[in-house]
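The values are calculated or read from the model by the stated rules, or taken from the named source; none is laboratory data. In this text, all values refer to a predicted model and were calculated from it rather than measured experimentally. Note: ideal-geometry Cβ built from the backbone for every residue, glycine included; neighbour counts use all protein chains shown.
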Amino acid sequence: MSTRTFGEPIKRNEDRRLLTGQALFIDDVELPGLLHVAFLRSQVAHAKIRKIDVSKARQRPGVVAAYVAEDLGDYWKPGPLLVPPPPIAGIVFNQRTQVPLARDKVRHVGEPLAIIIAESRYIAEDALDDIDVELEQLPAVVDLERGLRAGSALVHDDVGSNVSAHVRQTKGNYAAAAAKADCIIKRRFRYEHGISSPIETRGVVAQWDARANQMTIWDTTQAPVFVRNGLAAMLGLNERNVRVIAPFVGGGFGPKIMMFYPEEVLLPWVSMKLNRPVKWIEDRLEHFFATTHERGQIHDAEIALSRDGKILGIKDVFLHDGGAYDPYGLTVPINSQCTLLGPYVVPNYDSTFTQVFTNLTLVTPYRGAGRQHGVFVMERLLDFAAHELKIDRAEIRRRNLIPADAFPYKNEIIYQDFQPLEYDSGNYEPVLDMALEAIGYKTFKEQQAAARAQGRHLGLGLACYVEGTGIGPYEGAKVQVQSNGKVSIATGIGTQGQGHFTVFAQIAADQLGVAVTDIDVVTGDTDQFYWGAGTFASRGAVVAGNAVNEASKVVRKKALKLASDLFECSEEDLVLEDGKVSIVGIPEKFVRLGDLANQANPMRGAVQPGTEPGLESTQYFGPPMGATANGVHAMVIEVDPRTFDLKVLKYVVVHDCGTVINPMILAGQIHGGVAQGIGNAFYEKLAFDDQGQLLNASLADYLLPTALEVPRMELGHTVTPSPLNPMGIKGAGEAGAIPVGPMFAQAIEDALDLKERGVELLEIPLSPSRVFELTRKSGQ
Amino acid sequence: MDTDDHDITVSVNGVRYKRRVESRMLLSDFLRHDLALAGTHVGCEHGVCGACTVLLDGQPVRSCLMLAVQAETHEISTIEGLTDKDGAYHPLQQAMHDHHGLQCGYCTPGILMTMTAFLEENLSPSEDEVREALSGNLCRCTGYQNIVDAVMAAAQRMRG
Amino acid sequence: MKPAPFKYIAAASLEHALSLKAEYGDDAKFLAGGQSLMPTMNFRLAQPAILIDLNRIESLGGIRPGDAGGARIGALTRYRNLERDAGFARMFPLIAEALPHIAHPQIRNRGTIGGNLSHADPASELPAIMLALGARFHIQTTKQTRSVEAPDFFLGALTTDLQPDEMLVEVELPLSKPRTGSCFMEVARRRGDFAIVGIAVMMTLGNQDECTHIRLTFCGVGETPIDASSAADHLIGSAPTEKAICDVAASVQAMIDPGGSVHATADYQRHVAGVLTERALQTAFQRARDGH
């Protein structure tokens, strides 16, 4: 085999098109006769609909059609439940899914009321002003606790309360453990997560071709196969008559897998109805309301410890803001519930959550997907425990780490993939050691004191986490050698910048002895690959990557078999490299892969019974459960003690995601995750008023970190392969984002001696103003 | 109501285009949809994200905050004109590839236009200067570090 | 997010622009750099019927010497022109210090001085700087010219003294006296964001380092840029001590009435205004004393 590419920092195949402005993104799809769509969206969070009259809009020159819910007839129905609740005893789940256009009632700002189709987006927006709308505003459910009180307004009247779901999961017996504890610490935590804000918003283009009886949909989805299947059913078409293409997608981060967004349901219907192609591109203002969020949780958590800092148990009761509808089931709060346990031995756990309907945009997973909420609670509890018990904060973490010989480690509760939460492999202590070394933990106290003597306030933050990744059910891949000798790989997942065009090529390149640059990867086109689930939960490289590996192995075997027949020699005497099969020791005796592929599709003559044409294979891979990655982040910040503004001076990530396919791409994933984590911790906050109005719906006021806010990051890796797949890989997409919040809280407390001043930071996001208010309230 | 249309002549990447446009047509939409130069991307349409950055007479500007009619008589440069005639990368394109300075690639054209203009003026930038120059372009994928490294590497290469 | 329809007229000259404005009044808006106007039009928060584009009027841009020293800045001068003019930066170090805080390079390439001041966003840096520098605003119609002092120009949030037929055509900045130190500071959530609190200070010292003149202005803490110079009256006549500076900060905090926002509470703004007052006065004093 030629030089191994697996594990090497191979430069990306997809870069050229992106660097030269030649990559096809959704808004680049231009079709003859294309019409443009704008939506009339509710300006209020909760209201009865008295009237929506689009007749005047229909009269405007350039407007082709306008529809309200009633015009949809039988096509109007609530969307499917995307993720059903896991099999947990005693679970309560009230399924209320979103609708294509609001009828009778609106439940959040931005919910679509009417759709306008016009010759241009400009005209479509003009026509929105022509629509006559009468809404009878109702009190909005915004606050989680108030929403659960008797007498609260109801988001869904027929549910009878605002409870979307209620779940309790336990391990051991917390009450018994607490009774024996030396120390119990109880706090209330609030954690808000924001909006994904990819630089490309969402979009849908639908083209109905009546002559071909074919629907083609370009969609910025992370899950094209499910979009195809769902839309085919809704539209009354065969799945084979619907093609969904996720072209280059400008960032996903979770919310682009929500389905079905109203726009996804409506555009194909409109295209069929008008027999014209239609395009809708979400604008940035719409994105703030129409693309799903991740938002708040309130935790009442307590930890019971022995005097030496060993965790005896944790009890947590929390509320989760689900938004107006719950099509994504319980993925986010279950991630919080499970990930809270972290890399630690927690013998007893009692966790209960209530998912609450509110009159706010739907909540679905966004990078981290509730994991950071849980990590925040655990890491903060350990910080306070360390303080209380006078144990060093790194030491208390070390004492509780799951030992290396305890894997696979069973946590006894059910995870988001419906499987028991079990960590497949891990070796946690070296990761902590590396991070402490890299951040200079041993000497930090001296460094801090020296800086303080000069009036500078330094603080250190340290947080540990695990991340459940690479969950099922499955993905597949088709690997095909073409007659020109190049290799084509197709898989059903979507890609949004993760480097799939390169890492999948690396996997195949090693098996097939071809250059990475000679391998063309297609993702997200249902006509190229029929089956699959999608890109979520840090699973693309793990699940689809292993399918590529399996298919490549079969193609390799086929190539060697064909060549051995040709050369009339044994397969063991053959070598496959540089795009050809040759006989060991006789390099001039060779056949090109492309020629073998050609021969595998004979034009004349007879073949053996059972012969399959083509030098290709389609294989599927489904892991028995998710693989658990882990890591430790540490940082040093400097805080201005008077304005409370801060600067990150040093940032360290040490991470273990099993075998690494491409360290360059992996580093990029970590960098980007940390940047989003920093945004979450200190800059990004969705600010709602008590009527559910978002007060900062612009990128001028919703603060994405820029190059000046994101520090340089130092990365370290350890490798503990996963036993759950032959390549030993674990996912990494979300790792960077997960532990950042508690580090900010811890480091700010450290820099400003807040614990000594009686101030604890129990919430995220923080800001200079918020830290000022908290210190002031404490009378300091 | 009759639309307020104007005949304009605009030079983009050295090619002169004559078109009739409505006065409210944003330059970003004009480039993307009328001229089919879709490499210029649109991210926010309120001048914050920087994805739509093009060069107006050599200076980076937001094309979502300009009207197409305003480009009359001006020279616009977009991502499509950044490689040389044979398709060879600009040193910054090469450095972005080498340093993995892009992931989804959506913000990339705006970043390339901003930072190639920056390098025209400052071939020996400090990291802080690069970050300052980059701060008007939002990237949600990379955390900026590899972009900064790419710009520094391109500067070094361009210094020769 | 596409603008509503409007009629676009590219003014060929200042006279042309003014005659159009005289004709259309409040129905028309001048389009200069467009960096504030275009976003509000894209959000359809502004829907002017007529847009008068000033960008072809070359005579409206540029920096020229003032009558009694100092400088006159044409309304169409872009931030970038100021940023690249080393002589201007030496003459007005306060502006040079503030420019990097104003948005981002792409915005500064396009945004104009006249456009910014006419827009009169109270969180914007430039209006407060004009107050600190004692700028005079020259205003023109087809019939007449007049000029106003900066404090009389800014009447409220996004509201100026400009009448429907008027244009701000030039800003006149007086030359500062010898031994003047300036300082601009701001706290914003990210560099380039509008200020949560911004402060501009001009302090002139006599031969004994006694303070002879002081201007102290703020952005972000009221409906207009705020001139808080009176809070520093008692500094005049002696070299500022730490205690005296702290007193100024306390007076400032009592004087201003910030509104708070999604980014900061009013109390935080008031607190930071005090902190920045102390820091900026100290810095300006040192700079005046050290001669830079």
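So the values come out like this:
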| quantity | calculated |
| --- | --- |
| Residue match in region A:739-749 (condition: without any contact (Cβ under 8 Å) to a residue 60 or more places away in the chain, closer than 20 Å to residue C:267 by Cβ and among the hydrophobic types (A, V, I, L, M, F, W, C)) | no |
| Only one of B:111, B:147 that is away from chain C (no Cβ under 13 Å), within 17 Å of the chain's Cα centre (by Cα) and crowded, with 24+ Cβ neighbours inside 10 Å | B:147 |
| Identity of the residue in region C:260-278, crowded, with 24+ Cβ neighbours inside 10 Å and hydroxyl-bearing (Ser, Thr, Tyr), that ends up farthest from residue C:218 (Cα to Cα) | C:268 |
| Residue match in region A:682-702 (condition: closer than 25 Å to residue A:189 by Cα and within 9 Å of chain B (Cβ to nearest Cβ)) | no |
| Helices (runs of 4 or more DSSP H) (entirely within region C:65-177) containing at least 3 residues that are aliphatic (A, V, I, L, M) | C:86-91, C:93-98, C:125-133 |
| Which listed residue is in contact with a Lys or Arg (Cβ under 9 Å, 6 or more places away or on another chain), under 25 Å from residue C:218 (Cα atoms) and basic (Lys, Arg), from C:90, C:64, C:80 | C:80 |
| Total residues in region A:105-162, condition part of a loop (DSSP other than H, G, I, E, B) and not hydrophobic (A, V, I, L, M, F, W, C) | 17 |
| Every pair of residues 6+ apart whose Cβ atoms lie under 6 Å, when the first sits in region C:35-57 and is more than 7 Å from chain B (Cβ to nearest Cβ) and on the phi > 0 side of the Ramachandran plot while the second is modelled with pLDDT of 95 or more and assigned to a loop (DSSP other than H, G, I, E, B) | C:44/C:4 |
| Breaking point among (1) of a type outside the set (Lys, Arg); (2) within 22 Å of residue A:531 (Cβ to Cβ); (3) part of a helix (DSSP H, G or I), for residue A:221 | (3) |
| Near pairs, Cβ below 6 angstrom, 6+ apart or cross-chain, from region C:1-21 (closer than 18 Å to residue C:34 by Cβ and touching a residue at least 24 places away in the same chain (Cβ under 8 Å)) to any residue that is hydroxyl-bearing (Ser, Thr, Tyr) and in a helix (DSSP H, G or I) | C:2/A:122 |
| Test: residue C:163 is among the polar types (S, T, N, Q), outside the structural domain of residue C:282 (by TED's automatic domain parsing) and surrounded by fewer than 20 Cβ atoms within 10 Å (Cβ to Cβ) | yes |
| Among residues of region B:85-128, those that are under 30 Å from residue A:523 (Cα atoms) and modelled with pLDDT of 95 or more, counted | 26 |
| Yes/no for residue A:506 being surrounded by fewer than 24 Cβ atoms within 10 Å (Cβ to Cβ) and touching a Ser or Thr at 6+ places or on another chain (Cβ under 9 Å) | yes |
| Only listed residue being free of Cβ contacts under 8 Å to residues at least 12 places away in the same chain, crowded, with 20+ Cβ neighbours inside 10 Å and part of a loop (DSSP other than H, G, I, E, B), chosen from B:101, B:43, B:105 | B:105 |
| In region A:301-318, the residues that are touching a Phe, Trp or Tyr at 6+ places or on another chain (Cβ under 8 Å) and surrounded by fewer than 21 Cβ atoms within 10 Å (Cβ to Cβ) | A:317 |
| Residues being more than 30 Å from residue A:532 (Cβ to Cβ), surrounded by 11 or more Cβ atoms within 10 Å (Cβ to Cβ) and over 39 Å from the mean Cα position of the chain (by Cα) - total across region A:576-606 | 14 |
| Hits in region C:251-277 - residues which are charged (D, E, K, R) and within 9 Å of another protein chain (Cβ to nearest Cβ) | C:267 |
| Yes/no for residue C:94 being at pLDDT 95 or above and outside the structural domain of residue C:140 (by TED's automatic domain parsing) | no |
| Which listed residue, of B:95, B:133, B:117, is closer than 25 Å to residue A:200 by Cα, in contact with a helix residue (DSSP H, G or I) (Cβ under 6 Å, 6 or more places away or on another chain) and within 14 Å of chain C (Cβ to nearest Cβ) | B:133 |
| Any hit, region C:6-22, residues being assigned to a loop (DSSP other than H, G, I, E, B), farther than 22 Å from residue C:109 by Cα and within 10 Å of chain B (Cβ to nearest Cβ) | yes |
| Test: residue in region A:31-48 that is at pLDDT 95 or above, surrounded by fewer than 18 Cβ atoms within 10 Å (Cβ to Cβ), of a type in the set (D, E, K, R) and farther than 30 Å from residue B:92 by Cα | yes |
| Residue that is nearest to residue C:39 (Cα to Cα), among those in region B:65-92 that are in a loop (DSSP other than H, G, I, E, B) and away from chain A (no Cβ under 11 Å) | B:66 |
| Residues located in region A:311-325, provided they are farther than 19 Å from residue A:168 by Cβ and more than 25 Å from the chain's Cα centre (by Cα) | A:311, A:312 |
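The rows are residues; the columns are (1) touching a helix residue (DSSP H, G or I) at 6+ places or on another chain (Cβ under 8 Å); (2) of a type in the set (Gly, Ala, Ser).
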site: A:451; (1), (2): no, yes
site: A:456; (1), (2): no, no
site: A:464; (1), (2): yes, no
site: A:467; (1), (2): yes, no
site: A:474; (1), (2): yes, no
site: A:479; (1), (2): yes, no
site: A:483; (1), (2): yes, yes
site: A:488; (1), (2): no, yes
